[in-house]
Amino acid sequence: MTPEFYLILMLKLTISFTVLISYMSFIGKTQLTQFTAIDFIGNFIFGAVVGGSIYNDALPMIQFILLLLTSVAFMLVLNFLSQKIMKFRAIAIGKPIPIIRRGKFLLDEIEQNKRKIDMLRILSQLHALGYHSFNEVFYAEVEPDGQLTAIKDTPIPPSEIFVHNGNVFDNHLKEANISKERLDTELNQRHIKLDEIFLAEYYHYELFLILKNGKELRIRMYPQETNTTEQEV
């Protein structure tokens, strides 16, 4: 092999990299987790085009570039169609598969899509999402990429940060319907100063305190005036 061969090889590789990275940036998918079935198929197409062409001395450079650009144009059209035509998207990429609705398993849907549904994997995904059992799930569906979306029967608002490094977030207190005076009262009763608090997280009527000295404390705190309990961790 002559030096000219390696020079042309490097040129083809440079052109391939430039065209493909520009294509990925244009469609906004530069991470593997963003890829759809169409993108994975496109990878095989690009691999065949580039891999089968860069070592072919008989293929002129201009034809190699045209072949690469034609492949990119083809994939752009497929991505465009998948975004604009929902029927095509359902065929090419897939659609969410509901498996639980109102706390009941949709056995017909599960049977129709049994090749795409692995109940053992779904249970593992539920555990990773923080669910302990199917009994806690009000609605669940398997996304086209295999991920699981689940909603609880009695949704609980997400946690709020009340205090961080001694700074109080008044808007979070307001959203939880707890006044600043109420927070001060609870802290004063336990002889805790704001500047001693590293983090105070409020979730499901419980205030979880992490003090700067490493001590942790849980205070039961309801929006209305009710009994308040505490527990050291």
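Tabulated data
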item: Solvent-accessible heavy-atom area per residue, rounded to whole Å², over the chain at 1.4 Å; result: 66
item: Translational diffusion of region 73-164, µm² s⁻¹ [Kirkwood Rh, Cα pairs; Stokes-Einstein; 25 °C; 0.890 mPa s]; result: 161
item: Accessible surface, 1.4 Å probe, highest first, among residues 39, 184; result: 184, 39
item: Accessible-area composition of the chain, carbon plus sulfur, in percent [1.4 Å probe]; result: 59
item: Rg/Rg_globular for the chain, with Rg_globular taken as 2.2 N^0.38 Å and Rg from C-alpha atoms; result: 1.62
item: Relative contact order computed over the chain (Cα-Cα under 8 Å; 6+ residues apart), in percent; result: 10
item: Accessible area in the full protein assembly, largest first, 1.4 Å probe, for 22, 133; result: 22, 133
item: Where Rh is the Kirkwood radius over Cα pairs, Rg/Rh for region 20-150; result: 1.14
item: Debye log10 I(q)/I(0) for region 1-83, one point scatterer per Cα, at q = 0.17, 0.19, 0.21 Å⁻¹; result: -0.69, -0.83, -0.96
item: Cα long-axis angle, helix 61-84 against the chain (0 to 90 degrees, to the nearest 10); result: 40
item: Relative contact order (%) - region 92-208, alpha-carbon pairs under 8 angstrom, separation at least six; result: 22
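The values are calculated or read from the model by the stated rules, or taken from the named source; none is laboratory data. If you're wondering where the values come from, they're calculated on a predicted model, not measured in any experiment. These accessible areas exclude ligands, DNA and RNA; they are computed on the full protein's heavy atoms, side chains included. Shrake-Rupley method; radii C 1.70, N 1.55, O 1.52, S 1.80 Å.
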